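Trainee: I have a structure I would like to understand better, so I am pasting it below and will then ask my questions one at a time.
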Amino acid sequence: MSQVFNPSGTRAEILGCGIFLPGDPIPNSDLSKLMDTSDDWIRTRTGIEQRYWVQGKVSTSDLAFEASKRALENAKVEAKEIDLILLACLYPDHEIPGASLFLQRKLGLSGIPALDIRQQCSGFLYAMSIADSFIRMGMSKKVLVVASEVQSKGLDRTTKGRDTAVLFGDGAGAVVIGAKSVTDAKKDSFIYSHHLHADGNFAESLWIPSPGTNTEGHRITHEILDQGGADLKMNGKIVFQNAVTRMPEVLVEGLNANGLTIDDVDLFVFHQANIRINDYVADKLKIPSHKIHNTIHKFGNTTAATIPLGFGDAIQAGKLKKGDLVATAAFGAGFTWAASVLRW
Ligand code: UT7
């Protein structure tokens, strides 16, 4: 599904961005004290050098709140101007209700709609497409789109869980999206298009089976927990093979829909699951390395938060500026994959 370039009427623009990472970075060498792994294995197989993990009673909406405050400040928008909150995350604060409700409460915005988006690594791009649609339909004027992940609390930090524990990190990124009347479609800052896909045939290739309703009895039992039913399970090779196919495919779909080429794009911000996936995409599409902003070495795989963390980190590094043409692509559990093209 694509929302394609049509500069007429009301469009949506990113007004500001904020990111938040909890505490101090945890180097690979610290993980080898917890499980049978090594800095060399993690670096060579994934490109990850460190990640951030929350300490103590810090929740998804806590990180989201910190990133949101920074995004609002960066956008020069007051919280009370926001009329819709979208929060993409893997693990909410509680099973019910969604983490967006806790974020809404922390922001003091009771009354406005708040929605959780559960589309894993593509969650932020799915959320942006919803924000874009609400603005273009005239249902919203300023939307807070946040992606926040506290994944560390779901990881098995022993050798049994090393295949996933070394990959994932915590963090949050947020953008404020506002209505924009486009006068110069070639120069104005606005979101051009989103391209969303999913294939539920691969649902079990990267998933957490429990708690859930696909059981004979209660949705969570001691037996399910003892058998590891609530742990993250991934078939890394299948995920990898699909990622290197779907990411370039959806990126090209996004560029073609807007009559753009790789050369037109100033910055590519990709999902960060494995540096080898991103290198493969770059090689396949002949994208020069200076046009790609990778963060995996610093943050690990931060699932839905990865793309906004990439935006914020690129801004801090001086690589993303107002007026730049940006293309993004993400792939993850579901499988879901997506791309967005926008002028920052
Ligand atoms: O964001 C969501 C999307 N996720 C992805 O896109 C992930 C895609 N997949 C991948 O990035 C890679 O498949 C992984 C990084 C997850 C794994 O890399 P791999 O090259 O496919 O390694 P492997 O799973 O084939 O494991 C190779 C070996 C195994 O040992 P044997 O069977 O060869 O003796 C594993 O047991 O490495 C072992 N291993 C580890 N060794 C040290 C697995 N995890 C670790 C570890 N440290 N943390």
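Trainee: Of the residues that sit in the stretch 184-211 and are more than 30 Å from D226 (Cβ to Cβ), in a loop (DSSP other than H, G, I, E, B) and open to solvent by 40 Å² or more (accessible area, probe 1.4 Å), which one is farthest from the ligand (Cβ to nearest atom)?
Mentor: D184
Trainee: Within the stretch 165-183, track down each residue that is in contact with a strand residue (DSSP E or B) (Cβ under 7 Å, 6 or more places away or on another chain) and open to solvent by 10 Å² or more (accessible area, probe 1.4 Å).
Mentor: Matches in the stretch 165-183: L167, F168, A179, K180, S181, V182.
Trainee: Of all helices (runs of 4 or more DSSP H) completely enclosed by the stretch 232-344, which ones contain at least 1 residues that are in contact (Cβ under 8 Å) with a residue 60 or more places away in the chain, within 16 Å of the ligand (Cβ to nearest atom) and touching a Gly at 6+ places or on another chain (Cβ under 6 Å)?
Mentor: So the answer is 275-285, 296-299, 306-316.
Trainee: Just checking, which of V176, V145 is under 20 Å from F20 (Cβ atoms) and in contact with a Gly (Cβ under 6 Å, 6 or more places away or on another chain)? Even if it seems obvious, please write down each step before you answer.
Mentor: Details: V145 fails: in contact with a Gly (Cβ under 6 Å, 6 or more places away or on another chain).
Testing whether each residue is under 20 Å from F20 (Cβ atoms) and in contact with a Gly (Cβ under 6 Å, 6 or more places away or on another chain) leaves just V176.
Trainee: Let me ask you something else. Does the stretch 32-54 contain any residue that is over 19 Å from F311 (Cα atoms), open to solvent by 20 Å² or more (accessible area, probe 1.4 Å) and away from the ligand (no atom under 15 Å from the Cβ)?
Mentor: No, the stretch 32-54 has no match at all.
Trainee: Another question, then. I'd like the full set of residues that are farther than 21 Å from T159 by Cα, of a type in the set (A, V, I, L, M, F, W, C) and in contact with a Gly (Cβ under 8 Å, 6 or more places away or on another chain), limited to the stretch 25-71.
Mentor: L63, A67, A71
Trainee: Which of the residues spanning the stretch 133-164 are closer than 28 Å to I296 by Cα and either more than 16 Å from the ligand (Cβ to nearest atom) or open to solvent by 30 Å² or more (accessible area, probe 1.4 Å) (or both)?
Mentor: Correct list: V143, L144, V145, V146, K153, D156, R157, T158, T159, K160, R162, D163.
Trainee: Can you find a residue in the stretch 39-57 that is charged (D, E, K, R) and within 20 Å of A172 (Cβ to Cβ)?
Mentor: Yes, the stretch 39-57 contains a residue that is charged (D, E, K, R) and within 20 Å of A172 (Cβ to Cβ).
Trainee: Still on this structure: In the stretch 212-259, how many residues are on the phi > 0 side of the Ramachandran plot and open to solvent by 50 Å² or more (accessible area, probe 1.4 Å)?
Mentor: 1
The values are calculated or read from the model by the stated rules, or taken from the named source; none is laboratory data. Source: prediction; values computed, not measured. Note that each Cβ is placed from the backbone with ideal geometry, even for glycine, and that neighbours are counted across all protein chains shown. Just so you know, the surface numbers come from the protein's heavy atoms only, side chains and all, with ligands and any DNA or RNA stripped out. Shrake-Rupley method; radii C 1.70, N 1.55, O 1.52, S 1.80 Å.
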